[in-house]
Amino acid sequence: MSGVAREPELKMKIDVLALFPEILTPALKTGILKRVQDADKLTVNLHNLRDWATDKHKSVDDYPYGGGAGMILKPEPIFAAVTALNTERTAHVVYLTPQGVPLTQTLAESLSLESHLILLCGRYKGVDERVRHQLVATELSIGDYVLSGGEIAALVLIDAIGRVLPGALGDYESAHVDSFSHDLLDHPHYTRPAEFEGMDVPEVLLSGRHEDIEEWRYAEALKRTAMYRPDLLQKLELSEEDIAILKTAGLVD
Ligand code: 6GU
């Protein structure tokens, strides 16, 4: 093996703490997430919060002080679980909640550098505030809509992290992740046949002229971003050429 470039031996452990952890099971057995676990780059352990309930009814939730609708996840089972799972004291605890900061590619890539994550999945009205203060490092939301619980959000986060772990993707894809794909939506893609039910693949893609192809792809990505995600464009410094492309498409005046 000497002289052969090797990937860094980064390994990540993720403990998921949830009331319905089985929601994640099939996705973890599939595709890239299965591959990174088989390759020992990632270990995911699913835990049911109820296993740390202390009373005879195994209760994990209770009524809110001050009244109001909905139930609150009790602090005792969560503190007991996190203490049991964080024996090495190195875990970064993430709480999945619609009240969190939005998940972005940048945040997923930064969390992918941790060695141990504990993902605490909210349910009902969320967790007792003392859990947030004492245990949680990052509160994270996957978007501006409300899910019935944090389990699916945790799965989204694990997927986003899993695919950027070293060795998860081939070299081509890894390079692609690092390119302008952060800033713009992707360009359109076509495969064979060149004509399908009267619809032709754009001629430039069949031309073999690689510079023209890159130029076309960039223009298409720019136009698509202007149409669907003007908020993303606002964050960028557009060049004169960019503005010309958007003017021609009638997307700016
Ligand atoms: Cl992390 N949890 C829930 N329950 N709903 C959400 C979410 C998380 N992110 C967006 N909606």
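Values in this text are rule-based calculations from the coordinates and carry no lab data. None of these values were measured; they are calculated from a predicted model. Cβ atoms come from the backbone with ideal geometry, glycine included; neighbour counts cover every protein chain shown.
A few points about this structure:
- C-alpha long axis of helix 151-162 to longest principal axis of the chain, angle in °: 50
- Ordering of 244-251, 10-17, 204-211 by burial proxy (mean other Cβ atoms within 10 Å per residue, highest first): 10-17, 244-251, 204-211
- Share, in percent, of DSSP beta bridges within the range 28-146 that are antiparallel, nearest 5: 15
- Charged neighbours of Leu222, selected by a Cβ distance under 14 Å, balance to -3 (K, R count +1; D, E count -1).
- Taking the helices alone, the chain has a mean residue ellipticity at 222 nm of -10500 deg cm²/dmol, built from -39,500 (n - 2.57) per DSSP H run of at least 4 residues and averaged over all its residues.
- Taking the alpha carbon gyration tensor of the chain, multiplying each eigenvalue by 5 and rooting it gives semi-axes of 42, 24, 16 Å, largest first.
- In the chain, lysine pairs closer than 13 Å at Cα, eight or more apart or cross-chain: 5
- Paired Rg and Dmax values of the range 52-153, which use every Cα atom, in angstrom: 14.1, 44
- Projected label points at Ala137 and Thr54, each 7 Å from Cα along the beta carbon direction, are separated by 2.6 nanometres.
- Options Leu246, Leu205, Ala219, ranked by Cα towards positive dipole end of the range 195-248, top entry (Cβ charges): Leu246
- Ordering of 155-163, 51-59 by burial proxy (mean other Cβ atoms within 10 Å per residue, highest first): 155-163, 51-59
- The length gained on full extension between Asp200 and Phe20, counted as 0.36 nm times the residue separation minus their Cα-Cα distance, comes to 60.1 nm.
- Backbone geometry of the range 201-215 corresponds, through the Karplus equation with coefficients 6.51, -1.76 and 1.60 at θ = phi - 60°, to 3J(HN,Hα) couplings of 6, x, 4, 4, 6, 9, 6, x, 8, 5, 5, 5, 5, 4, 5 Hz, x marking Gly and Pro.
- Couplings 3J(HN,Hα) of the range 71-83, computed from phi: 10, 10, 6, 5, x, 4, x, 5, 4, 4, 5, 5, 4 Hz, in residue order, whole Hz [Karplus 6.51 cos²θ - 1.76 cosθ + 1.60, θ = phi - 60°; x for Gly and Pro].
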